[in-house]
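Here is the structure we will look at, set down as structure tokens.
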Amino acid sequence: MNYWLMKSEPEAYSIVDLQQQSQTIWDGVRNYQARNFLRQMEEGDLAFFYHSNTNFPGIAGLMRVVKKDIADPSQFEPESKYYDPKSTSESPRWQTVVVEFIETFSNPILLSILKEKFSDEDLMLVRQGNRLSVMPVPEAVALKILAMKSHSLNNS
């Protein structure tokens with residue numbers, strides 16, 4: 001099993017939205033490196049749901065990849081802001097996954113805490129200038145994050 005971190009602005013789509021829907025397609029990713037990470041995902045992989053572009057950015061919960069290698073449908077919709085006229089159903093440029101809700105963390109693990117606990121070599125998220133919306137999380141780091149969640153170290 002692999003671990004990932006996937007960002008969303010809570011105003012656009014939050015962990016609460018995922019919890020209410022149970023599952024969602026993770027559409028709208030239009031960065032090639034992030035897309036390539038989506039292509040590497042396997043069913044059963046776990047992903048941290050990260051709320052970005054908010055007063056207190058951080059990991060809000062956990063989700064699981066339940067379906068992989070999905071052509072992002074928004075690339076084919078001319079009215080979508082994610083429309084890609086160069087993409088065709090025969091040769092889609094943008095793939096994604098379907099994720100399911102696992103849990104909301106009682107206290108989000110804030111970016112400020114993640115920066116204290118992990119180096120930029122440990123966790124891609126804390127690298128200066130990193131704006132990727134999808135990224136891998138090494139297993140050792142993921143296990144530490146899960147321990148932080150369960151021991152409420154994120155507020156210490």
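How big is the gap, in Å, between the Cα center of region 13-40 and the Cα center of region 70-147?
If we compute the Cα centre of each part, the gap is 7 Å.
Starting from the exponent 0.38 and prefactor 2.2 Å, build the expected Rg for the chain from its residue count and divide its actual Cα Rg by it.
1.03
In terms of modelled amide H atoms, which long-range or inter-chain residues lie less than 5 Å from the amide H of Lys67?
Amide H neighbours of Lys67: Val98.
For each of Val141, Val66, count neighbouring Cβ atoms within 10 Å of the residue's Cβ, then give the residues from fewest to most.
In increasing order of surrounding Cβ atoms, one gets Val66, Val141.
Could you put Thr54, Thr96 in order, starting from the residue whose Cβ has the fewest other Cβ atoms within 10 Å?
Lowest to highest Cβ neighbour count: Thr54, Thr96.
With +1 on the Cβ of every Lys and Arg and -1 on the Cβ of every Asp and Glu, and nothing else charged, how large is the dipole of region 9-94 about its Cα centre, in debye rounded to the nearest 20?
Charge dipole, region 9-94, about its Cα centre: 220 debye, nearest 20.
As a test of the formula, what do you get for the chain when each DSSP H run with n ≥ 4 contributes -39,500 (n - 2.57) and the sum is divided by the residue count, at 222 nm and rounded to the nearest 500 deg cm²/dmol?
Helix-only estimate at 222 nm: -6500 deg cm²/dmol.
For Ser52, enumerate residues with amide H under 5 Å from its amide H, sequence gap 5+ or separate chain, H modeled in the peptide plane.
Distant-sequence amide H within range of Ser52: Ser8, Glu9.
Let me have the relative contact order for region 3-155, percent, based on Cα pairs under 8 Å that are six or more residues apart.
29
What fraction of the DSSP beta bridges in region 3-155 is antiparallel, stated in percent and rounded to the nearest 5?
Of the beta bridges lying entirely in region 3-155, close to 80 percent run antiparallel.
Compute the helix-to-body angle for 139-151: its Cα long axis versus the longest principal axis of the chain, expressed 0 to 90° and rounded to tens.
60
Give me a comma-separated list of calculated 3J(HN,Hα) values for region 69-85, in order, Karplus coefficients 6.51, -1.76, 1.60 applied at θ = phi - 60°, integers in Hz, x for any Gly or Pro.
With coefficients 6.51, -1.76 and 1.60, one gets 6, 9, 6, 4, x, 5, 5, 9, 9, x, 7, 7, 5, 9, 4, 10, x Hz.
Work out, in µm²/s and without decimals, the Stokes-Einstein translational diffusion coefficient of region 48-140 at 25 °C, 0.890 mPa s, Rh from Kirkwood over C-alpha pairs.
158
Of Leu62, Val141, Ser87, which is farthest along the charge dipole of the chain in the positive direction, counting Lys and Arg as +1 and Asp and Glu as -1 at C-beta?
Ranked along the dipole, the leading option is Val141.
Where Lys and Arg each count +1 and Asp and Glu each count -1, what net charge lies around Leu62 among other residues with Cβ under 12 Å from its Cβ?
It works out to a net charge of -1.
Just how large is the dipole of the chain about the Cα centre, in debye to the nearest 20, putting +1 at every Lys and Arg Cβ and -1 at every Asp and Glu Cβ?
With Lys and Arg at +1 and Asp and Glu at -1, about 340 debye.
Applying a 10 Å radius around every beta-carbon, put 27-36, 84-93 in order of their mean neighbour count, most first.
In decreasing order of mean packing, 27-36, 84-93 become 27-36, 84-93.
Which cross-chain or sequence-distant (5 or more) residues have an amide H under 5 Å from the amide H of Asp84, H modelled 1.01 Å from N in plane?
Hits under the 5 Å cutoff: Phe76, Glu77.
Rule-based calculations on the coordinates, nothing more; no lab input. Everything numeric here is computed off the predicted structure, so don't read it as measured data. Counting neighbours? That spans all protein chains shown, and the Cβs are built from the backbone with ideal geometry, glycine included.
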